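The values are calculated or read from the model by the stated rules, or taken from the named source; none is laboratory data. Quantities reported herein were computed from a predicted structural model and do not represent experimental measurements. In this analysis, Cβ positions are derived from the backbone assuming ideal geometry, glycine residues included, and neighbour counts consider all displayed protein chains.
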Amino acid sequence: MLLLRTDPDLPPPAYAHPGDAGADLVTRVDVTLGPGERHTVPTGVAVALPDGLAAFVHPRSGLAARHGVTIVNAPGTVDAGYRGEICVTLINTDRHQPVVLRRGDRIAQLVVQRVERARFVEVERLPGSVRGDGGFGSTGGFGAGDGGRTFPGARPETPAEVAGQEEAR
């Protein structure tokens, strides 16, 4: 993968540990994210990915856990044909504290993956599956001991589920 540092004083993306999937990206500028604010932050790097690869910009877990800073469109997609500087749209989810980031601070991770290009075939009807068209919340609640409750607003898949939920009310 070809890399252009648009700011040669900043380090290139780097993996912190052997086996890491994501290489750290840094901010090229100082930025203060007020509570609830978002900013698009330049990283000082551009890449040329070969066909068949894409890069995905993921949040750094420590920045999210300790300061509430994450990426608005996580993961951000860097397509093989894009040649501009990689920028990251960060948001401070903390409602009370601003977050100050200094030039050179690690703000995101770049994960490079193989991707397939699909050939879309339009049909009149899709084949059936066990899941069907069950979407958000269709596989039950979020906890191991939640008794299989679905999320509020989720459409139950079967009449038996509907009856069971009505009895629970």
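Of all residues in segment 90-134, those that are touching a Pro at 6+ places or on another chain (Cβ under 8 Å), within 15 Å of Arg60 (Cβ to Cβ) and in a loop (DSSP other than H, G, I, E, B) total 1.
Residue-level check: of (1) more than 26 Å from Pro35 (Cα to Cα); (2) at pLDDT 95 or above, Arg103 misses just (1). Would you confirm, using the coordinates I've provided, whether Arg66 is part of a loop (DSSP other than H, G, I, E, B), surrounded by fewer than 18 Cβ atoms within 10 Å (Cβ to Cβ) and not aliphatic (A, V, I, L, M)? Judged against the criteria, Arg66 is not a match.
Residues of segment 51-64 that are over 13 Å from Ile107 (Cα atoms) and either without any contact (Cβ under 8 Å) to a residue 60 or more places away in the chain or basic (Lys, Arg) (or both): Asp51, Ala55, Phe56. Taken over segment 3-18, the residue count meeting the criterion of being touching a residue at least 40 places away in the same chain (Cβ under 8 Å), within 23 Å of the chain's Cα centre (by Cα) and not in a loop (DSSP other than H, G, I, E, B) is 1. Can you tell me which residues in segment 20-44 are more than 20 Å from the chain's Cα centre (by Cα) and of a type outside the set (Val, Ile, Thr)? Answer for segment 20-44, where residues must be more than 20 Å from the chain's Cα centre (by Cα) and of a type outside the set (Val, Ile, Thr): Arg28, Asp30, Gly34, Pro35, Gly44. Just one of the numbered conditions (1) in contact (Cβ under 8 Å) with a residue 60 or more places away in the chain; (2) touching a Lys or Arg at 6+ places or on another chain (Cβ under 6 Å) is not true of Ile91: (1). Of all residues in segment 19-48, those satisfying the criterion of being surrounded by fewer than 19 Cβ atoms within 10 Å (Cβ to Cβ) and part of a loop (DSSP other than H, G, I, E, B) are Gly19, Asp20, Ala21, Val29, Asp30, Gly34, Pro35, Gly36, Glu37.
This table checks each residue for (1) in contact (Cβ under 8 Å) with a residue 40 or more places away in the chain; (2) out of contact with any strand residue (DSSP E or B) (no Cβ under 6 Å at 6 or more places or on another chain); (3) not assigned by TED's automatic domain parsing to the domain that holds Gly22.
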| position | (1), (2), (3) |
| --- | --- |
| Ala46 | yes, no, no |
| Val78 | no, no, no |
| Val99 | yes, no, no |
| Arg103 | yes, yes, no |
| Arg106 | yes, no, no |
| Arg125 | no, yes, yes |
